[in-house]
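J.: Pasting a structure here, questions to come.
The values are calculated or read from the model by the stated rules, or taken from the named source; none is laboratory data. On a predicted model such as this, the values are computed, not experimentally measured, just so you know. Note: ideal-geometry Cβ built from the backbone for every residue, glycine included; neighbour counts use all protein chains shown. Note: areas computed on protein heavy atoms with side chains; ligands, DNA, RNA excluded. Shrake-Rupley method; radii C 1.70, N 1.55, O 1.52, S 1.80 Å.
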Amino acid sequence: MLNVGVLGAGHLGKIHLRLLNESSKYNLVGFYDADAINGKKVQAEFGYTYFDNINKLIDAVDVVDIVTPTLSHFDCAKKAMEKGKHVFLEKPITKTLEEAETLISMEKQYGVKGQVGHVERFNPAFTAVKGIISNPMFIETHRLAEFNPRGTDVPVVLDLMIHDIDAILSVVPSEVKDIHASGVSVISSSPDIANARIEFENGCVANLTASRISLKNMRKSRFFQKDAYISVDFLEKKVEVVRMKDAPESPGEFDMVLQNAEGIKKQIYFENPEIVSNNAILDELETFAEAIENDTTPKVTLEDGTRALRVALQVIASF
(Lines give C-alpha, C1' and ligand atoms only; values in the text may rest on other atoms or scores of the structure.)
Protein backbone atom coordinates (compact mmCIF):
# COMPACT_ATOMS: atom_id res chain seq x y z
CA MET A 1 0.00 0.00 0.00
CA LEU A 2 1.17 3.50 -0.84
CA ASN A 3 1.27 6.05 1.95
CA VAL A 4 -0.85 9.02 0.87
CA GLY A 5 -1.63 12.43 2.28
CA VAL A 6 -4.30 14.91 1.20
CA LEU A 7 -3.79 18.66 0.89
CA GLY A 8 -7.10 20.48 1.33
CA ALA A 9 -10.08 19.36 3.38
CA GLY A 10 -12.91 21.24 1.72
CA HIS A 11 -15.98 19.63 0.12
CA LEU A 12 -14.04 17.57 -2.44
CA GLY A 13 -11.08 17.04 -0.13
CA LYS A 14 -13.32 15.27 2.39
CA ILE A 15 -14.59 12.97 -0.36
CA HIS A 16 -10.98 12.11 -1.30
CA LEU A 17 -10.13 11.49 2.36
CA ARG A 18 -13.04 9.07 2.77
CA LEU A 19 -12.25 7.14 -0.41
CA LEU A 20 -8.52 6.92 0.26
CA ASN A 21 -9.27 5.72 3.78
CA GLU A 22 -11.44 2.93 2.30
CA SER A 23 -9.05 2.05 -0.55
CA SER A 24 -7.06 -1.18 -0.52
CA LYS A 25 -4.27 0.48 -2.51
CA TYR A 26 -3.51 3.35 -0.14
CA ASN A 27 -2.68 3.90 3.50
CA LEU A 28 -4.10 7.29 4.47
CA VAL A 29 -1.46 8.95 6.66
CA GLY A 30 -3.34 12.21 7.15
CA PHE A 31 -4.14 15.60 5.70
CA TYR A 32 -3.17 19.26 5.79
CA ASP A 33 -5.50 22.24 5.48
CA ALA A 34 -4.37 25.87 5.52
CA ASP A 35 -7.39 26.65 7.71
CA ALA A 36 -6.38 25.17 11.07
CA ILE A 37 -9.88 25.55 12.51
CA ASN A 38 -11.35 23.52 9.62
CA GLY A 39 -8.51 21.00 9.85
CA LYS A 40 -9.13 20.31 13.54
CA LYS A 41 -12.88 20.15 12.93
CA VAL A 42 -12.44 17.53 10.19
CA GLN A 43 -10.05 15.55 12.42
CA ALA A 44 -12.54 15.60 15.31
CA GLU A 45 -15.48 14.64 13.09
CA PHE A 46 -13.91 11.88 10.98
CA GLY A 47 -10.79 10.79 12.85
CA TYR A 48 -8.26 11.50 10.08
CA THR A 49 -4.88 12.73 11.31
CA TYR A 50 -4.46 16.49 10.86
CA PHE A 51 -0.97 17.85 10.16
CA ASP A 52 -0.51 21.52 10.99
CA ASN A 53 2.59 21.71 8.76
CA ILE A 54 2.45 20.96 5.02
CA ASN A 55 6.09 19.86 4.82
CA LYS A 56 5.70 17.32 7.65
CA LEU A 57 2.81 15.69 5.80
CA ILE A 58 4.69 15.59 2.49
CA ASP A 59 7.72 14.04 4.22
CA ALA A 60 5.51 11.28 5.70
CA VAL A 61 3.96 10.00 2.45
CA ASP A 62 4.70 8.53 -1.00
CA VAL A 63 1.79 10.23 -2.79
CA VAL A 64 0.39 13.73 -2.31
CA ASP A 65 -3.27 14.24 -3.30
CA ILE A 66 -3.79 17.96 -3.97
CA VAL A 67 -7.40 19.08 -3.51
CA THR A 68 -6.73 22.73 -2.70
CA PRO A 69 -7.99 25.80 -4.63
CA THR A 70 -6.46 25.99 -8.12
CA LEU A 71 -4.35 29.03 -7.21
CA SER A 72 -2.23 26.89 -4.85
CA HIS A 73 -1.92 23.76 -7.03
CA PHE A 74 1.49 24.70 -8.42
CA ASP A 75 3.12 25.57 -5.10
CA CYS A 76 1.80 22.39 -3.46
CA ALA A 77 2.87 20.15 -6.37
CA LYS A 78 6.30 21.81 -6.55
CA LYS A 79 6.92 21.17 -2.84
CA ALA A 80 5.91 17.53 -3.22
CA MET A 81 7.88 16.83 -6.41
CA GLU A 82 11.05 18.41 -5.02
CA LYS A 83 10.81 15.85 -2.20
CA GLY A 84 10.42 13.01 -4.71
CA LYS A 85 6.71 12.46 -4.12
CA HIS A 86 4.11 11.44 -6.71
CA VAL A 87 1.27 13.96 -7.12
CA PHE A 88 -2.41 13.72 -7.92
CA LEU A 89 -3.80 17.15 -8.84
CA GLU A 90 -7.46 18.05 -9.02
CA LYS A 91 -8.50 19.79 -12.22
CA PRO A 92 -7.65 22.26 -13.59
CA ILE A 93 -4.00 21.27 -13.30
CA THR A 94 -2.78 24.79 -12.43
CA LYS A 95 -3.76 28.44 -12.87
CA THR A 96 -1.37 29.16 -15.75
CA LEU A 97 0.17 27.25 -18.65
CA GLU A 98 3.65 28.24 -17.48
CA GLU A 99 3.01 26.55 -14.13
CA ALA A 100 1.65 23.42 -15.81
CA GLU A 101 4.61 23.15 -18.17
CA THR A 102 7.01 23.59 -15.24
CA LEU A 103 5.36 20.64 -13.46
CA ILE A 104 5.78 18.49 -16.60
CA SER A 105 9.51 19.29 -16.55
CA MET A 106 9.75 18.60 -12.81
CA GLU A 107 7.98 15.25 -13.21
CA LYS A 108 10.82 14.12 -15.47
CA GLN A 109 13.53 15.84 -13.42
CA TYR A 110 12.56 14.15 -10.13
CA GLY A 111 11.44 10.82 -11.60
CA VAL A 112 7.95 11.00 -10.14
CA LYS A 113 4.47 10.51 -11.62
CA GLY A 114 1.60 12.97 -11.85
CA GLN A 115 -2.07 12.60 -12.69
CA VAL A 116 -4.82 15.20 -13.13
CA GLY A 117 -8.32 14.66 -11.73
CA HIS A 118 -10.40 14.83 -14.90
CA VAL A 119 -12.92 12.49 -13.34
CA GLU A 120 -15.30 12.22 -16.32
CA ARG A 121 -12.71 10.03 -18.05
CA PHE A 122 -13.69 7.42 -15.45
CA ASN A 123 -17.45 7.94 -15.75
CA PRO A 124 -18.88 4.47 -16.55
CA ALA A 125 -21.07 5.85 -19.34
CA PHE A 126 -18.05 7.39 -21.09
CA THR A 127 -15.79 4.37 -20.59
CA ALA A 128 -18.54 2.12 -21.99
CA VAL A 129 -18.49 3.91 -25.36
CA LYS A 130 -14.99 5.39 -25.59
CA GLY A 131 -13.80 2.45 -27.68
CA ILE A 132 -16.72 2.99 -30.07
CA ILE A 133 -16.07 6.71 -30.60
CA SER A 134 -13.87 6.78 -33.70
CA ASN A 135 -12.90 9.97 -35.51
CA PRO A 136 -16.06 11.97 -34.65
CA MET A 137 -16.69 14.92 -36.94
CA PHE A 138 -19.31 16.84 -34.93
CA ILE A 139 -19.65 16.94 -31.14
CA GLU A 140 -22.19 18.78 -29.01
CA THR A 141 -21.98 19.03 -25.22
CA HIS A 142 -24.18 20.59 -22.55
CA ARG A 143 -22.95 20.83 -18.96
CA LEU A 144 -25.49 22.78 -16.92
CA ALA A 145 -25.52 23.15 -13.15
CA GLU A 146 -27.71 24.84 -10.59
CA PHE A 147 -26.02 27.81 -8.93
CA ASN A 148 -23.55 26.98 -6.16
CA PRO A 149 -21.25 29.68 -4.72
CA ARG A 150 -18.47 27.07 -4.49
CA GLY A 151 -16.28 27.31 -7.60
CA THR A 152 -17.35 30.80 -8.65
CA ASP A 153 -13.83 32.11 -8.03
CA VAL A 154 -13.01 30.93 -11.56
CA PRO A 155 -14.89 31.27 -14.90
CA VAL A 156 -17.40 28.54 -15.71
CA VAL A 157 -15.00 27.34 -18.41
CA LEU A 158 -12.42 26.28 -15.81
CA ASP A 159 -15.08 25.13 -13.36
CA LEU A 160 -17.33 23.02 -15.65
CA MET A 161 -16.54 23.20 -19.37
CA ILE A 162 -13.00 21.91 -18.90
CA HIS A 163 -14.48 18.45 -18.13
CA ASP A 164 -15.92 18.29 -21.65
CA ILE A 165 -12.83 19.86 -23.21
CA ASP A 166 -10.68 17.08 -21.75
CA ALA A 167 -13.11 14.34 -22.80
CA ILE A 168 -13.26 15.70 -26.36
CA LEU A 169 -9.48 16.03 -26.62
CA SER A 170 -9.17 12.38 -25.55
CA VAL A 171 -11.23 11.14 -28.52
CA VAL A 172 -10.44 13.60 -31.33
CA PRO A 173 -7.14 12.61 -33.02
CA SER A 174 -6.28 16.13 -34.18
CA GLU A 175 -4.88 19.46 -33.06
CA VAL A 176 -7.12 22.46 -32.41
CA LYS A 177 -7.28 24.83 -35.37
CA ASP A 178 -9.58 27.65 -34.22
CA ILE A 179 -11.82 28.66 -31.32
CA HIS A 180 -14.77 31.05 -31.17
CA ALA A 181 -16.52 31.63 -27.86
CA SER A 182 -18.75 33.91 -25.84
CA GLY A 183 -19.33 34.16 -22.11
CA VAL A 184 -21.65 36.15 -19.86
CA SER A 185 -21.34 37.07 -16.19
CA VAL A 186 -24.76 36.98 -14.54
CA ILE A 187 -24.21 36.45 -10.82
CA SER A 188 -20.43 36.17 -10.43
CA SER A 189 -17.67 38.55 -11.42
CA SER A 190 -16.46 35.92 -13.92
CA PRO A 191 -18.56 34.32 -16.71
CA ASP A 192 -21.33 32.04 -15.44
CA ILE A 193 -22.48 30.80 -18.84
CA ALA A 194 -20.34 30.16 -21.90
CA ASN A 195 -20.48 28.68 -25.37
CA ALA A 196 -17.47 27.64 -27.43
CA ARG A 197 -17.03 26.37 -30.97
CA ILE A 198 -13.77 24.44 -31.30
CA GLU A 199 -12.58 23.58 -34.80
CA PHE A 200 -9.94 20.89 -35.31
CA GLU A 201 -7.46 20.55 -38.15
CA ASN A 202 -9.08 17.30 -39.31
CA GLY A 203 -12.42 19.09 -39.84
CA CYS A 204 -14.11 18.02 -36.61
CA VAL A 205 -16.21 20.72 -34.93
CA ALA A 206 -17.19 20.68 -31.25
CA ASN A 207 -19.89 22.96 -29.86
CA LEU A 208 -19.75 23.23 -26.06
CA THR A 209 -22.16 24.94 -23.66
CA ALA A 210 -21.59 25.29 -19.93
CA SER A 211 -23.69 27.10 -17.34
CA ARG A 212 -23.69 27.29 -13.56
CA ILE A 213 -26.95 29.27 -13.35
CA SER A 214 -29.29 26.66 -14.79
CA LEU A 215 -32.59 25.61 -13.26
CA LYS A 216 -31.67 21.95 -13.69
CA ASN A 217 -28.52 19.84 -13.87
CA MET A 218 -27.49 18.33 -17.20
CA ARG A 219 -24.27 16.70 -18.40
CA LYS A 220 -24.75 15.34 -21.90
CA SER A 221 -22.47 14.89 -24.91
CA ARG A 222 -23.34 13.73 -28.41
CA PHE A 223 -20.81 12.41 -30.91
CA PHE A 224 -21.55 12.15 -34.64
CA GLN A 225 -19.26 10.10 -36.86
CA LYS A 226 -19.36 8.08 -40.06
CA ASP A 227 -22.37 5.76 -39.82
CA ALA A 228 -22.85 6.28 -36.07
CA TYR A 229 -24.38 8.55 -33.42
CA ILE A 230 -23.31 8.17 -29.78
CA SER A 231 -24.98 9.95 -26.88
CA VAL A 232 -23.46 10.00 -23.39
CA ASP A 233 -25.35 11.15 -20.31
CA PHE A 234 -22.63 11.69 -17.72
CA LEU A 235 -25.17 12.60 -15.03
CA GLU A 236 -27.60 9.69 -15.43
CA LYS A 237 -24.80 7.34 -16.58
CA LYS A 238 -26.67 6.24 -19.68
CA VAL A 239 -25.65 5.88 -23.33
CA GLU A 240 -27.32 5.59 -26.72
CA VAL A 241 -25.48 4.11 -29.68
CA VAL A 242 -27.18 4.26 -33.07
CA ARG A 243 -25.33 2.74 -36.01
CA MET A 244 -25.97 2.45 -39.73
CA LYS A 245 -24.88 -0.24 -42.15
CA ASP A 246 -25.71 -1.13 -45.75
CA ALA A 247 -29.25 -2.43 -45.83
CA PRO A 248 -29.83 -6.09 -46.76
CA GLU A 249 -31.45 -6.75 -50.13
CA SER A 250 -34.49 -8.18 -48.38
CA PRO A 251 -34.99 -6.31 -45.09
CA GLY A 252 -36.89 -8.01 -42.29
CA GLU A 253 -40.32 -6.81 -41.26
CA PHE A 254 -38.97 -4.91 -38.27
CA ASP A 255 -35.72 -3.64 -39.81
CA MET A 256 -35.38 0.16 -39.89
CA VAL A 257 -34.18 1.21 -43.35
CA LEU A 258 -33.48 4.72 -44.67
CA GLN A 259 -32.93 5.67 -48.31
CA ASN A 260 -31.06 8.83 -49.27
CA ALA A 261 -31.47 11.00 -52.37
CA GLU A 262 -28.96 8.87 -54.29
CA GLY A 263 -31.01 5.75 -53.60
CA ILE A 264 -28.52 4.25 -51.15
CA LYS A 265 -30.26 2.28 -48.43
CA LYS A 266 -28.95 2.07 -44.89
CA GLN A 267 -30.21 -0.04 -42.02
CA ILE A 268 -30.38 1.54 -38.57
CA TYR A 269 -29.62 -0.59 -35.54
CA PHE A 270 -29.04 0.06 -31.87
CA GLU A 271 -26.27 -1.11 -29.57
CA ASN A 272 -26.44 -1.31 -25.79
CA PRO A 273 -22.93 -1.30 -24.32
CA GLU A 274 -22.70 -2.62 -20.79
CA ILE A 275 -22.31 0.11 -18.19
CA VAL A 276 -20.42 -1.14 -15.15
CA SER A 277 -21.28 0.86 -12.05
CA ASN A 278 -18.29 2.39 -10.26
CA ASN A 279 -17.06 5.25 -8.11
CA ALA A 280 -15.22 7.40 -10.63
CA ILE A 281 -13.17 9.32 -8.05
CA LEU A 282 -12.02 6.10 -6.38
CA ASP A 283 -11.19 4.65 -9.80
CA GLU A 284 -9.02 7.61 -10.81
CA LEU A 285 -7.14 7.48 -7.51
CA GLU A 286 -6.61 3.72 -7.65
CA THR A 287 -5.50 3.66 -11.30
CA PHE A 288 -2.91 6.25 -10.28
CA ALA A 289 -1.67 3.85 -7.59
CA GLU A 290 -1.46 1.10 -10.22
CA ALA A 291 0.54 3.37 -12.55
CA ILE A 292 3.01 4.03 -9.73
CA GLU A 293 3.27 0.36 -8.71
CA ASN A 294 3.64 -0.90 -12.29
CA ASP A 295 5.67 2.07 -13.58
CA THR A 296 3.14 2.73 -16.35
CA THR A 297 1.69 5.95 -17.76
CA PRO A 298 -1.15 7.43 -15.67
CA LYS A 299 -4.59 7.48 -17.32
CA VAL A 300 -4.74 11.31 -17.32
CA THR A 301 -1.21 12.67 -17.58
CA LEU A 302 0.08 16.11 -16.69
CA GLU A 303 0.35 16.66 -20.46
CA ASP A 304 -3.36 15.84 -20.82
CA GLY A 305 -4.23 18.27 -18.05
CA THR A 306 -2.06 20.95 -19.64
CA ARG A 307 -3.66 20.49 -23.05
CA ALA A 308 -7.14 20.84 -21.54
CA LEU A 309 -6.04 23.96 -19.65
CA ARG A 310 -4.53 25.44 -22.83
CA VAL A 311 -7.79 25.04 -24.76
CA ALA A 312 -9.85 26.33 -21.79
CA LEU A 313 -7.69 29.45 -21.57
CA GLN A 314 -8.04 29.96 -25.33
CA VAL A 315 -11.81 29.77 -24.92
CA ILE A 316 -11.70 32.42 -22.16
CA ALA A 317 -9.38 34.63 -24.22
CA SER A 318 -11.82 34.60 -27.15
CA PHE A 319 -14.75 36.01 -25.12
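J.: Over the chain, with the other protein chains present, what is the accessible area per residue in square angstrom, probe 1.4 angstrom?
T.: It amounts to 48 Å² per residue over the chain.
J.: Now a separate question. Carbon and sulfur atoms: what percent of the 1.4 Å accessible area of the chain do they account for?
T.: After summing per-atom areas, the C and S share lands at 49 percent.
J.: Then there is this: Calculate how steeply helix 36-46 sits against the longest principal axis of the alpha-carbon atoms of the chain, using the helix alpha-carbon long axis, and give the answer as 0 to 90 degrees to the nearest 10.
T.: Computed tilt is about 70 degrees.
J.: Below 14 angstrom from the Cβ of Tyr110, what's the summed charge of the other residues (Lys, Arg +1; Asp, Glu -1)?
T.: Summing Lys and Arg as +1 and Asp and Glu as -1 gives +3.
J.: Related question: Taking only C-alpha pairs under 8 Å that are 6+ residues apart, what is the relative contact order of the range 31-96 in percent?
T.: Normalised by residue count, the contact order of the range 31-96 is 28 percent.
J.: Run the reach check for Lys95 against lysines, Cα to Cα strictly under 16 Å, same-chain hits fewer than 8 apart removed. What comes back?
T.: Lys95 reaches Lys78.
J.: Whole angstrom only: what separates the Cα centroid of the range 226-251 from the Cα centroid of the range 10-31?
T.: 39
J.: Using a Cα-Cα cut-off of under 17 Å, which lysines could be cross-linked to Lys245, ignoring same-chain neighbours fewer than 8 residues away?
T.: Within the straight-line limit of under 17 Å, Lys245 reaches these lysines: Lys226, Lys265, Lys266.
J.: So which GluC sites (Glu not before Pro) in the range 159-211 pass both tests, a DSSP loop state and at most 13 other Cβ atoms within 10 Å of the Cβ?
T.: Details: sites: Glu175, Glu199, Glu201; in loops: Glu175, Glu201.
Those that pass, being in a loop and sparsely packed, are Glu175, Glu201.
J.: What relative contact order, as a whole-number percentage, does the chain give when Cα pairs under 8 Å and 6 or more residues apart are counted?
T.: 18
J.: Net charge within 11 Å of Phe288 by Cβ-Cβ distance, Lys/Arg positive one each and Asp/Glu negative one each, not counting Phe288 itself?
T.: -3
J.: To test your reading of the geometry: what angle, between 0 and 90 degrees and rounded to tens, separates the Cα axis of helix 73-82 from the longest principal axis of the chain?
T.: For helix 73-82, the angle is close to 60 degrees.
J.: Suppose only helical runs count, i.e. DSSP H with n ≥ 4. What mean residue ellipticity at 222 nm does that imply for the chain under -39500 (n - 2.57) per run, divided by all residues and rounded to the nearest 500 deg cm²/dmol?
T.: When only DSSP H runs of four or more count, the value is -9500 deg cm²/dmol.
J.: Pairs Lys91/Lys238; Lys56/Lys85; Lys25/Lys85; Lys130/Lys238; Lys41/Lys79: which are spaced more than 19 Å apart, C-alpha to C-alpha?
T.: Lys91/Lys238; Lys41/Lys79
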